[in-house]
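Chemist: I am attaching a structure below and will ask some questions about it afterwards.
The values are calculated or read from the model by the stated rules, or taken from the named source; none is laboratory data. Because the structure is predicted, anything quoted here is derived from the model rather than measured. Every residue, glycine as well, gets a Cβ built from its backbone with ideal geometry; the counts of neighbours run over all protein chains shown.
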Amino acid sequence: MEIKKVGVLGCGLMGSGIAQVAATAGFDVTILEVEQKYLDKGFAAMEKSLTKFSEKGTLKEPVDAIRSRLKGTTNKLDLADRDIIIEAIIENVEEKKMMYASIDGIVKKDAIFASNTSSISITELLTSTKRPERFVGLHFFNPVPLMKLVEVVRTIATSAEVYDAAYEFAKKLGKVPVRTSDKTGFIVNRLLVPYMLDAVRAYEDGVGSIEDIDNAMKLGCGYPMGPFTLLDFVGLDTTYYITHVMFDEFKERRFASPPLLKRLVMAGWYGRKTGKGFYDYSEPNNPKPNKL
């Protein structure tokens, strides 16, 4: 099967990034949002990003040509002719299921449904549709235009044809896809989340300061950033949510949220996006570790 027309659900950080990458790769893209103001914000972000790529000379065609393949809408009927629908809305299982159920009868029957979820069971999401064999996970990483990896997730119901088509689609986007199964956390978060949570526990236990633990992992392991810098970048609220999903699945301490992470989230300190997390971002180019 050939994918030509792409639908994206959500024009936030991830949705706009996925849409931008798809349009840059030559696909016709329609993005659905609940209100025009969210589309306006997402399209402004894509315009800024595409302009930067153009100035660096990394685009194969003018920004106008890519922009012409991007369309925003608040009408679900505009998704009817899409070959693949990629969902990138709020990380809430009920919200996602409601969205899939609402478009299942609108989008053509042979279209593929995909979710960009980082932690929710793909199998649970597909129960809201009548196309379980045409449902996969396509987990992109932030920032989507820069990060090469895409986890392609197969459930026990996904057909081999659809799984292969999704894998090839990711390659056409210029990404490096990896195949994985519908196990909570997939590959990356299954390994990454316990590492980040252990860093928080190490700090709670007095093993080292925030800055020293970050520097130790950067210089000792060659990581591009330390665990606390990464947590602030991902979002402490996002990580906290993922810990609940993973702990509920496995019931293992390594997936449980440390008390400090919970308290930071309760205080509204989510990391870079709120200006405070493990670091203070009053000076964005020179963040300083908070005294916690």
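Chemist: Quick one: how many residues across the stretch 260-289 are among the aromatic types (Phe, Trp, Tyr) and farther than 17 Å from Leu230 by Cβ?
Modeler: Final tally of qualifying residues: 0.
Chemist: Restricting to the stretch 245-261, count the residues that are closer than 20 Å to Glu91 by Cα and either surrounded by 14 or more Cβ atoms within 10 Å (Cβ to Cβ) or in contact with a Leu (Cβ under 8 Å, 6 or more places away or on another chain) (or both).
Modeler: Number satisfying all stated conditions: 9.
Chemist: Something else: Could you please find all residues in the stretch 104-141 being surrounded by fewer than 23 Cβ atoms within 10 Å (Cβ to Cβ) and part of a helix (DSSP H, G or I)?
Modeler: Asp104, Thr123, Glu124, Pro132, Glu133
Chemist: Would you pick out the residues in the stretch 142-176 that are in a loop (DSSP other than H, G, I, E, B), surrounded by 15 or more Cβ atoms within 10 Å (Cβ to Cβ), at pLDDT 95 or above and not β-branched (Val, Ile, Thr)?
Modeler: Pro145, Ala157, Ser159, Leu173, Lys175
Chemist: Output the residues belonging to the stretch 212-241 that are touching a residue at least 60 places away in the same chain (Cβ under 8 Å), in contact with an Asp or Glu (Cβ under 8 Å, 6 or more places away or on another chain) and closer than 30 Å to Leu125 by Cβ.
Modeler: Thr238, Tyr241
Chemist: Just give me the residues in the stretch 37-79 being exposed (fewer than 15 other Cβ atoms within 10 Å of the Cβ), in a loop (DSSP other than H, G, I, E, B) and either within 21 Å of the chain's Cα centre (by Cα) or not β-branched (Val, Ile, Thr) (or both), in sequence order.
Modeler: Lys56, Gly57, Lys60, Glu61, Pro62, Ser68, Asn75
Chemist: Find all pairs meeting these conditions: Cβ atoms under 7 angstrom apart; at least six residues apart or on different chains; first residue within the stretch 144-159 and within 14 Å of Arg134 (Cβ to Cβ); second residue assigned to a loop (DSSP other than H, G, I, E, B).
Modeler: Short answer, once both residue conditions are applied: Val153/Asp182; Val153/Phe186; Arg154/Asp182; Thr155/Asp182.
Chemist: How about the stretch 188-206: which of its residues are surrounded by 13 or more Cβ atoms within 10 Å (Cβ to Cβ) and of a type in the set (A, V, I, L, M)?
Modeler: Those that are surrounded by 13 or more Cβ atoms within 10 Å (Cβ to Cβ) and of a type in the set (A, V, I, L, M): Val188, Leu192, Val193, Met196, Leu197, Ala199, Val200, Ala202.
Chemist: Would you check if Ile86 is surrounded by 15 or more Cβ atoms within 10 Å (Cβ to Cβ), β-branched (Val, Ile, Thr), assigned to a loop (DSSP other than H, G, I, E, B) and touching a strand residue (DSSP E or B) at 6+ places or on another chain (Cβ under 7 Å)?
Modeler: Judged against the criteria, Ile86 is not a match.
Chemist: Would you pick out the residues in the stretch 94-103 that are surrounded by fewer than 16 Cβ atoms within 10 Å (Cβ to Cβ) and either modelled with pLDDT under 95 or in contact with a helix residue (DSSP H, G or I) (Cβ under 8 Å, 6 or more places away or on another chain) (or both)?
Modeler: Ser102
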